[in-house]
Amino acid sequence: MLNTKFINKNVFKNTINLQSPRFKSVITTDYKLSSDILPKETSVLSLVQPSGTMHLGNYLGALSCWADLCKIKQYDTQDLIFGLADLHAITVPQPQGELFVKQRFDTLAYLIAFGVDPEKCNLYMQSDVREHTELAWYLSTITNISSLSRMTQWKAKSVSENNKTTNYQNSSSSLGLFSYPVLQAADVLIFKSEFVPVGEDQVQHLELTREIAEKFNNQFNCDILKIPKVLLTPTKKIYNLKNCEKKMSKSDPRPNAVLYLSDSNEDIRKKIRKATTDSITDKAFRFGPSERPGISNFINILAGIERKNILEVEDDIKDLRSHSEFKQYISEKIINWIEEPREKYHELISDPKYLREVALKGKIHAEKKAQETLRQVRDVMGFTNF
Ligand code: AMP
């Protein structure tokens, strides 16, 4: 279950140190998810923001794990809840009205097309379950401002282009962007989630979630809020194609730096051809993030989509000689893999009735569960009057 074999081979520059006691609740899975990771009775929650087209980092850091969990699920008591963090998405400007509705259902279609099976899990939209925001308010009253100020995502997002300042404390960012991790804690805790499969950029927020849950339980002398664990894939951080020090991100302004799940075959070939790698010509293509970050990023991508381990991928590519041969090989593998789900996405998007049914089923399930936890929270806090 725990991936120790590749742990030392999988250390890219700038990744967090998962051995640190600060991150005591992180489980790294193998490239192929083993079915014994899911206890017979458990609850899993993870969301993605419908804030633009999803990219390969979203797939490999989160969606691939959601899809695998759907595949290995055997019992109804293994409650998988996935969906759209649309309340989080609005912490930065989004399209409004019908356009935002379309963007959200688009994202839902991508989730299903890329393997998140609505027959095996509940897929819902966060804004359909109002209990999230109520719990977030209660939790915000026990969360320190100093803890929120430490969050690296807040620092990065608040130093935005618009603010034109490098001092995030003086930025004009919204309160919602600052308190984002409290809402995220409410998302996870309201379902008593045991596992939260996310990419590495969310580990710090999840550590805060654990702290908030422990504080709540201590303060109200109860054990209502379950302390969650983070599930990371070995592809927990996919790098930008133009800068191997930065993660692949939806908000990157350079179109060639990100591989989107909607990219055409031609886009994929072009972006990979132009990707930054290195000029080492006298060695085979091997995984080694500190020496060859660009090459290693692609090897890791391949391992993630083919569900092979690094050694297997290295063996597959051992006869490739030039960088152009390597890039062509990677492009064709990605194209081969992406064609079917990309096609499925187009089918799904032309069936809005089906997508709405999926979201409604998810809402009903999520709402029922959230209401039960919120009732317990209100009881223990002293908000039950009638
Ligand atoms: P977001 O788009 O920020 O809502 O992210 C959705 C999911 O994708 C989260 O679990 C992120 O941690 C994950 N994710 C985002 N970018 C990357 C990346 N470059 N590599 C791996 N996972 C990522």
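The values are calculated or read from the model by the stated rules, or taken from the named source; none is laboratory data. The shown structure was predicted, so the numbers you read here are calculated from the model rather than taken from an experiment. FYI the Cβ positions are ideal-geometry reconstructions off the backbone, even for glycines, and counts take in every protein chain you see. With ligands, DNA and RNA removed, areas are computed over all heavy atoms of the protein, side chains included. Shrake-Rupley method; radii C 1.70, N 1.55, O 1.52, S 1.80 Å.
Quick notes on this structure:
- Isotropically averaged projected area of the chain, using the convex hull of Cα atoms (one quarter of hull area), nm²: 19.9 nm²
- Global geometry of region 239-279, whether rounded, prolate or oblate, following the gyration tensor of its Cα atoms and the 1.5 cut on a/c: oblate
- Exposure rank, largest accessible area first [E343, E131; 1.4 Å]: E343, E131
- Accessible area of K32 in the full protein assembly, 1.4 Å probe (Å², nearest 10): 140 Å²
- Charge sum, other residues only, whose C-beta stays under 11 Å from S147's C-beta, Lys/Arg counted +1 and Asp/Glu -1: 0
- For a straight C-alpha distance cut-off of 19 angstrom, the aspartates and glutamates reachable from K250 (same-chain residues fewer than eight places away being disregarded) are D86, D106, E161, E200, D201, D263, D267.
- Accessible surface area normalised per residue over the chain is 47 Å², counting heavy atoms of protein chains with a 1.4 Å rolling probe.
- Sulfur and carbon atoms: percent of accessible area, region 255-348 [1.4 Å]: 46 percent
- Along the axis of the charge dipole computed for the chain (Cβ charges of +1 for Lys and Arg, -1 for Asp and Glu, origin at the Cα centre), the listed residues L84, F383, F285 are led at the positive end by F285.
- For the chain, the longest principal axis of the alpha carbon atoms and the long axis of helix 352-381 meet at an angle near 50°.
- Taking all protein chains together, F220, F383 sort by accessible area into F383, F220, largest first [probe 1.4 Å].
- Charge dipole (region 255-348, unit charges on Cβ, about Cα centre) - positive-most of V258, S331, I268: V258
- The accessible area of I142, taken with all protein chains in place and a 1.4 Å probe, comes to roughly 10 Å².
- Charging the Cβ of each Asp and Glu at -1 and of each Lys and Arg at +1, and nothing else, the dipole of the chain about its Cα centre rounds to 880 debye.
- Nearest-10 value in Å² for the accessible area of R375, using the 1.4 Å probe: 120 Å²
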